[in-house]
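The values are calculated or read from the model by the stated rules, or taken from the named source; none is laboratory data. Remember, predicted model here, so these are calculated numbers, not experimental data. Using ideal geometry, Cβ is built from the backbone for each residue, glycine included, and neighbour counts are taken over all protein chains shown.
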Amino acid sequence: MAPSPEWTLEERLAGTRLRRLSEPERERPAPDEPAAAYEGCELALQAPRRGGLSAAAVAHLGDRRSQCWLRFRGCCTTRTRDTSTHAYDSLRAQLTMDTERNLANMERTLHGGDGQALQHFMANSPWSGPAVIEQRQAESKAPPALAHGSPVILDESADEKAGTHKAGASRQYHGRRGQVAGCRVDTCLPYAHGGWWAMVDGELFLPEEWLGGAFAQTRPVLGLPPDRTFETKLALGWKMVKRGKAQGGPFDLVACDAL
């Protein structure tokens, strides 16, 4: 493997020089091991051109993902619990599995479990989504190179869902498929500068049917706020843009297409 390139931006974000992980891949550390124990965990990249990326782009992707996890693991930690190993598993599976990268199959493939651990982590563990977003926003405005002249891109992202047992899932327009299908849709706000980009905010789009009587008992079970009202994707996007500017987001332009 070639020596790691100079990643000035990532060095600033991580607060230290990125180093290449050279130890053989090993099992994930136990939850009670110190953060330093994770630094020797190399995320194996078995397919050098996975996802359409060039070999050069993929060569150090495991290092960068591992550094990202080390920076954000505190968002998955409370006074009594550290669930960050599940976040590590999710990142590792996305890099090393070729197909069927859903939460249940990730758990079964990595650890031979019953497929419930990662699902429970995402749905029930006491980690804070807003804390992750706030840290991502803080990182995006820290380096001087990102201080001005960059856009945010308002867009939507749909995930296929069968049935209506997931919040917001219904038959609605699926952008990637170009047709109406069973899915849930997130309104996303990524920030871009040169070859660097990051998701800095996002909101779940709830179709009007989800706010009616048919889902009155389902909403609290899925953790939807009782005061949630219907908002169009454009309204959700505009709320995120205003929120980003109020928090000092370093963007000068908002780009979007039809929502």
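Just a few scattered comments:
- Selection within segment 218-255 - out of contact with any helix residue (DSSP H, G or I) (no Cβ under 6 Å at 6 or more places or on another chain) and β-branched (Val, Ile, Thr): THR218, VAL221, THR229, THR232, VAL241
- Failed item, numbered, when GLY168 is tested on (1) in contact with a Cys (Cβ under 7 Å, 6 or more places away or on another chain); (2) surrounded by 15 or more Cβ atoms within 10 Å (Cβ to Cβ); (3) more than 26 Å from PHE72 (Cα to Cα): (1)
- Count - residues of segment 174-205 that are more than 28 Å from LEU253 (Cβ to Cβ) and within 20 Å of the chain's Cα centre (by Cα): 2
Let's see how each residue does on (1) more than 17 Å from the chain's Cα centre (by Cα); (2) of a type in the set (S, T, N, Q); (3) more than 30 Å from HIS193 (Cα to Cα); (4) outside the structural domain of ASP201 (by TED's automatic domain parsing):
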site: ALA93; (1), (2), (3), (4): no, no, no, yes
site: THR109; (1), (2), (3), (4): yes, yes, yes, yes
site: SER140; (1), (2), (3), (4): no, yes, no, no
site: HIS148; (1), (2), (3), (4): yes, no, no, no
site: VAL152; (1), (2), (3), (4): no, no, no, no
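- Residue in segment 23-46 that is modelled with pLDDT under 50 and of a type in the set (Phe, Trp, Tyr) present: yes
- Any hit, segment 132-144, residues being within 19 Å of LEU91 (Cβ to Cβ), crowded, with 16+ Cβ neighbours inside 10 Å, touching a strand residue (DSSP E or B) at 6+ places or on another chain (Cβ under 8 Å) and acidic (Asp, Glu): yes
- The test for being aliphatic (A, V, I, L, M), in a loop (DSSP other than H, G, I, E, B) and touching a residue at least 12 places away in the same chain (Cβ under 8 Å) does not hold for ALA198.
- Those helices (runs of 4 or more DSSP H) of segment 76-184 in which at least 1 residues are among the hydroxyl-bearing types (Ser, Thr, Tyr), considering only elements entirely within it, cover 84-96, 103-111, 129-141.
- Selection count, segment 185-194, where residues are surrounded by 17 or more Cβ atoms within 10 Å (Cβ to Cβ) and either part of a loop (DSSP other than H, G, I, E, B) or not assigned by TED's automatic domain parsing to the domain that holds TRP238 (or both): 0
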